[in-house]
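Here is the structure we will look at, set down as structure tokens.
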Amino acid sequence: MKLSVSMDFDGVLSIPSVEEFARELIEDGVDVWVTTSRHADGNNTDLLKVADRLDIPFDNIIYTDGEDKAEFLPMNFYIFHLDDEPHVINSIIENGEPTTPILRDISINWKEMCRELIEFNLVMAFEGYIIMEMEPDSLEDLLAEALEIEDYETAAILRDKIKLQSDNGVDN
């Protein structure tokens, strides 16, 4: 499962330290997208140069043409959207988007927040993979353990997997 993130361009990816951070993410296998308020038919030479330097495919650039970025985020599942505009962050929160908004600000350790979200999502993806690959008996043992420690979220996932295996004729 490839993890995806979104970043604004102006005031975010246009900043050298953020560009370097994006390069690190890409080298780590993260799919970086640009979601910008710019117009697609405008002068975007600077944006395209940065995207080219980072090997961000031009298809990974979403121009909102001045529209609310929060309206464009549900099209893809991003772990986070990094932006420098508080009103964009608020809009994402108000719209209840699954994407976590992060404000790029000198008073906030945005890089650490981004890294923590990526790490958390990698762990969740790995644990989900482990659960999906387990044998039926192991799943039932794990379900019993999850219920014993009152981890109902994991128990629900395990019940679904056991039911799916049962429906597909896999012996329990």
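Computed from backbone phi with θ = phi - 60° and the Karplus coefficients 6.51, -1.76 and 1.60, the 3J(HN,Hα) list for the stretch 11-27 is x, 10, 5, 6, 8, x, 5, 6, 4, 5, 4, 4, 4, 4, 4, 4, 4 Hz; x is used for glycine and proline. Of the chymotrypsin sites (Phe, Trp or Tyr not before Pro) found in the stretch 2-73, none is in coil by DSSP with at most 13 other Cβ atoms within 10 Å of its Cβ.
Taken over the stretch 4-127, the convex hull of the Cα atoms encloses 101 Å³ per residue. Across the stretch 62-69, coupling constants 3J(HN,Hα) worked out from phi with the 6.51/-1.76/1.60 Karplus curve, θ = phi - 60°, read 10, 9, 8, 6, x, 7, 4, 4 Hz, and Gly and Pro carry x.
Residues 59, 31, ranked from the fewest to the most other C-beta atoms within 10 Å, line up as 59, 31. Database remark: amide H of residue 4 closer than 5 angstrom to the amide H of 31, 79 (H placed geometrically; neighbours at sequence offset of 5 or more, or on other chains; Pro and chain starts carry no H). Restricting the stretch 1-105 to trypsin sites (Lys or Arg not before Pro) that sit in a DSSP loop and have at most 10 other Cβ atoms within 10 Å of their own Cβ leaves 2.
Throughout, read-outs are computed from the coordinates displayed, never taken from laboratory work. All values reported here derive from a predicted model rather than from experimental measurement. Note: ideal-geometry Cβ built from the backbone for every residue, glycine included; neighbour counts use all protein chains shown.
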